Amino acid sequence: MNISKHISFIEATKSLTAIRFGINNVPTPEIFNNMTTLANECFEPLRVWYNKPIKVNSFYRCKLLNT
C-alpha cells in the first residue's frame, strides 16, 4: 500500500528502533491522512522538481518511539 505515488506505507513507518524494542509504530487514521497529504503535496513535487528519487527518513515516529 502506498501513501503517495512513490512512498510506501512500510517505508514511511519503518523504524529499526521500533522493531528492536517491539514498538507498534502505526499512525492513527488522522495522522495517516496528514502523512498522505504531506507526501502528495510536498515530497512528490520535490521528486519531480529534482527529477530523481528522494529518501525520507523517520517520516513517522509515534510518541512512544520518540520517547
| message | Going through 57, 25 one at a time, which residue ends up being surrounded by fewer than 12 Cβ atoms within 10 Å (Cβ to Cβ) and in a loop (DSSP other than H, G, I, E, B)? | response | 57
| query | Failed condition for residue 17, given (1) open to solvent by 70 Å² or more (accessible area, probe 1.4 Å); (2) in a helix (DSSP H, G or I), with all others met? | reply | (1)
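Return the residues of the stretch 28-51 that are among the charged types (D, E, K, R), over 23 Å from residue 67 (Cβ atoms) and open to solvent by 90 Å² or more (accessible area, probe 1.4 Å); say none if nothing qualifies. Even if it seems obvious, please write down each step before you answer.
First pass over the stretch 28-51, keeping only residues among the charged types (D, E, K, R): 30, 41, 44, 47.
From what is left, the residues that are over 23 Å from residue 67 (Cβ atoms) are 41, 44, 47.
Residue satisfying the conditions is 41 alone.
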| request: Please name all residue pairs, on different chains or six or more residues apart, with Cβ atoms under 9 Å, provided the first residue is in the stretch 1-12 and is under 16 Å from residue 61 (Cα atoms) and of a type in the set (A, V, I, L, M) and the second residue is open to solvent by 80 Å² or more (accessible area, probe 1.4 Å) and at pLDDT below 90. | output: 10/1
| Mind checking which pairs have a first residue in the stretch 26-51 that is within 12 Å of residue 4 (Cα to Cα) and a second that is in a helix (DSSP H, G or I) and of a type in the set (Gly, Ala, Ser), Cβ under 9 Å, 6 or more apart or different chains? | 35/12; 39/12
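The values are calculated or read from the model by the stated rules, or taken from the named source; none is laboratory data. The structure displayed is predicted, hence computed values, not measured ones. Cβ sites come from the backbone with ideal geometry, for glycine too, and all protein chains shown count toward neighbours. These area figures cover heavy atoms from the full protein model, side chains too; ligands, DNA and RNA do not enter into them. Shrake-Rupley method; radii C 1.70, N 1.55, O 1.52, S 1.80 Å.
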